[in-house]
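Only one structure is covered here, and it is reproduced in the block below.
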Amino acid sequence: MADSDASAGELTREMEMAHRMFRREFGLAVDVVRGVAAGEVARAGVIADHLRFIATLLHHHHAGEDDHVWPLLLERAAPQAQRVHDVERQHRDVDAALDAVAGAVSAWRRDADAVSRGALVEALETLEAVVVDHMDYEERWIVPEMERHIARSEWDRVIATMAMAIDPKDLMLTIGMTTYEGDDETVERTMANLPPEVGPNPRPIAQAAYAGYAEVIYGTDAPQRSTELSRSTAGSQGV
């Protein structure tokens, strides 16, 4: 499990855990696509489905913030309103980059040719840069305001709403993917917030779901963690 700052608040640690998932999955995506040889249409289809899955998760994550978190901050942290508007704009930038990736994925999965693969790699590199920059900014400026102004009970409702947006058949995989780099306390709190229909002990089920999925996508049940990935880009906003 990834190291976690024990002094950080619960909400901060949960946000950082979710962000690590997106940093990892999008950070690994380029090499996964590059690893598909030209003409391997079946493998391209598997990876294309993976890219659409993580893109959908990111969209749900941002929609939950847009609909349920930013309005609270605009009301309660008025001096930071411009920062909130900044992340709203950044979400639109991420959406545009996601749209570009979606188009490139559709073109690539048809024939899995080298040209369309190159276009997809370029779109993914752009998306990753936008996502990393946004999450750096959000963690620096917005998450501390969330910690100050959003109650635990309110945050739990936001998480429950986000979980409801996920296809039930994908929930355990999503939880396993999200908690892969979480500290024990944060993971257990996440499990406690799951709907009762998942059963009394969802953690090993979620872990196994992600391990099996990662084996298919990455060839290992223990893919690199976000902290192990080298980054060519760094957050520049708000400097």
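Laboratory data are not the source of any read-out in this text; all were calculated from the coordinates shown. All values derive from a computational prediction rather than experimental measurement. Note that we place each Cβ from the backbone using ideal geometry, even for glycine, and neighbour counts take in every protein chain shown.
Say we join alpha carbon atoms closer than 10 Å with springs in a Gaussian network model of the chain; which of Thr161, Thr179, Thr190 then has the biggest fluctuation?
Thr161
Under the 0.36 nm per residue contour assumption, what length would be gained going from the current alpha-carbon distance of Ser106 and Arg152 to full extension? The partial results should precede the final answer.
Numbers: separation 46, 0.36 × 46 = 16.56 nm, distance 4.05 nm.
Additional length available on full extension: 12.5 nm.
Residues in the stretch 137-173, backbone N under 16 Å from the label point at Gln82 (7 Å along the Cα-to-beta-carbon vector): list them, ranges by number please.
Under 16 Å, as judged by backbone N against the label point of Gln82, lie 141-142 of the stretch 137-173.
For Arg34 and Asp170 in the same chain, what is the full-extension length gain: residue separation times 0.36 nm, less their Cα-Cα distance, in nm? The partial results should precede the final answer.
Values: separation 136, 0.36 × 136 = 48.96 nm, distance 2.59 nm.
Going from the current span to full extension adds 46.4 nm.
First select every other residue whose beta carbon is under 14 angstrom from the beta carbon of Thr178; then total the charges, Lys and Arg +1, Asp and Glu -1.
Values: positive: Arg13, Arg20, Arg23, Arg24, Arg189, Arg203, Arg225; negative: Glu14, Glu16, Glu25, Asp170, Glu181, Asp183, Glu188.
Neighbourhood net charge equals 0.
To the nearest 500 deg cm²/dmol, what mean residue ellipticity at 222 nm is calculated for the chain from DSSP H runs of n ≥ 4 alone, each contributing -39,500 (n - 2.57), summed and divided by the residues?
Numbers: 10 runs with 166 residues, N = 239.
The helix contribution divided over the chain gives -23000 deg cm²/dmol.
Considering the chain as a Gaussian network with a 10 Å cut-off on Cα pairs, which listed residue, Ser106, Ser116, Ser153, attains the greatest mean-square fluctuation?
Ser153
I want to check the label-to-label distance for Val198 and Ala114. Put each point 7 Å from Cα in the C-beta direction and report it in nm to one decimal.
It works out to 4.5 nm between the two label points.
Output ³J(HN,Hα) for the stretch 199-206: one whole-Hz value per residue in order, computed from phi by the Karplus curve 6.51 cos²θ - 1.76 cosθ + 1.60 with θ = phi - 60°, and x for Gly and Pro.
In residue order, the calculated couplings are x, x, 9, x, 4, x, 5, 5 Hz.
Quick one: Cα centre-to-centre distance for the stretch 147-201 and the stretch 26-83, in angstrom?
17
Lys and Arg at +1, Asp and Glu at -1: add these up for the other residues within a Cβ distance under 9 Å of Val41 and post the number.
Once all neighbours under 9 Å are counted, the net charge is +1.
Quick one: grab the alpha carbon gyration tensor of the chain, order the square roots of its eigenvalues as a ≥ b ≥ c, and give me rounded if a/c is under 1.5, else prolate or oblate depending on whether a/b is larger than b/c.
It comes out oblate by the Cα gyration axes.
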